[in-house]
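Notes follow once the structure below has been shown.
The values are calculated or read from the model by the stated rules, or taken from the named source; none is laboratory data. Just so we're clear, the structure is a prediction, and the values are computed from it rather than from any experiment. Every residue, glycine as well, gets a Cβ built from its backbone with ideal geometry; the counts of neighbours run over all protein chains shown.
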Amino acid sequence: MAWLRNLGLVVVAGVACKREPSKLDSVMIQPVQTRIALDGEWDEPAWNARSQRGTFVSEAGGEARPYSEIRLLRDETHLFVGFYAADEDIKSDDAFDLTAGSFTMHVTADGRVTPATVRAAVDRDGTIDDPHDDDEEWVIESAVPLAALGPSPVTIHASRCDVTKDGVKHCGSWQGAVDLDKLGRF
Ligand SMILES: [Ca+2]
Ligand SMILES: [Ca+2]
Ligand SMILES: [Ca+2]
């Protein structure tokens, strides 16, 4: 009978699924993402849920304009540094600088980073090196080897200068002591 043959197929299919998990199963049984995708997107929930955040202040005091922000997370081997830059005119030389003890880092809006031991990625919302439009922002995700940093807590200083379309240079910075042992983790 047709219904019996169909039932048999269903049973066989069910057994097959148990023996060999489908691709969907393998995705579903994965634990919550614990590793960051370095792509300039703060899609990983930890960036919002557990990071230490700092808002840049201007040299005159008060929140820096254009707005800049730093976020910090870690795992077993790396300190992850995120930078957010509001920017109406993104240029390839726009950059963040960071110091942590004797360690220094420079990362640009076109994704260049020094030193070479740091991995970084940038996501831009706007056109780079084209002032004929209004850009929005660029976001950095970077991974600094913990071995490059001194003992915890480390004093981190981050800064950014930006020239707005009116030709005015604006600088902002953030400084904070970061307890690596208590820092949020991926
Ligand atoms: Ca990401
Ligand atoms: Ca800029
Ligand atoms: Ca542009």
Inset, instruction - Return yes when ASP97 is farther than 18 Å from HIS157 by Cα, within 16 Å of ligand 2 (Cβ to nearest atom) and touching a strand residue (DSSP E or B) at 6+ places or on another chain (Cβ under 9 Å) and no when it is not. - result: no
Inset, instruction - Check whether at least one residue in the range 92-101 is within 16 Å of GLY176 (Cα to Cα), in a loop (DSSP other than H, G, I, E, B) and over 13 Å from the mean Cα position of the chain (by Cα), and report yes or no. - result: yes
Legend entry - Filtered residues of the range 46-65 (kept if surrounded by 18 or more Cβ atoms within 10 Å (Cβ to Cβ), assigned to a loop (DSSP other than H, G, I, E, B) and either of a type outside the set (A, V, I, L, M, F, W, C) or modelled with pLDDT under 95 (or both)): SER51
Inset, instruction - Tally the residues that are surrounded by fewer than 17 Cβ atoms within 10 Å (Cβ to Cβ) and within 16 Å of ligand 1 (Cβ to nearest atom), restricting the search to the range 116-136. - result: 3
Inset, instruction - Test GLY82 against the criterion of being part of a loop (DSSP other than H, G, I, E, B) and surrounded by 15 or more Cβ atoms within 10 Å (Cβ to Cβ), and give yes or no. - result: no
Inset, instruction - Determine if the range 113-124 includes at least one residue that is of a type in the set (Val, Ile, Thr), within 13 Å of ligand 2 (Cβ to nearest atom) and more than 15 Å from the chain's Cα centre (by Cα). - result: no
Legend entry - Selection status of GLY101, free of Cβ contacts under 8 Å to residues at least 60 places away in the same chain and in contact with a Gly (Cβ under 9 Å, 6 or more places away or on another chain): yes
Inset, instruction - With respect to THR104, determine if the residue is exposed (fewer than 14 other Cβ atoms within 10 Å of the Cβ), in a loop (DSSP other than H, G, I, E, B) and touching a strand residue (DSSP E or B) at 6+ places or on another chain (Cβ under 9 Å). - result: no
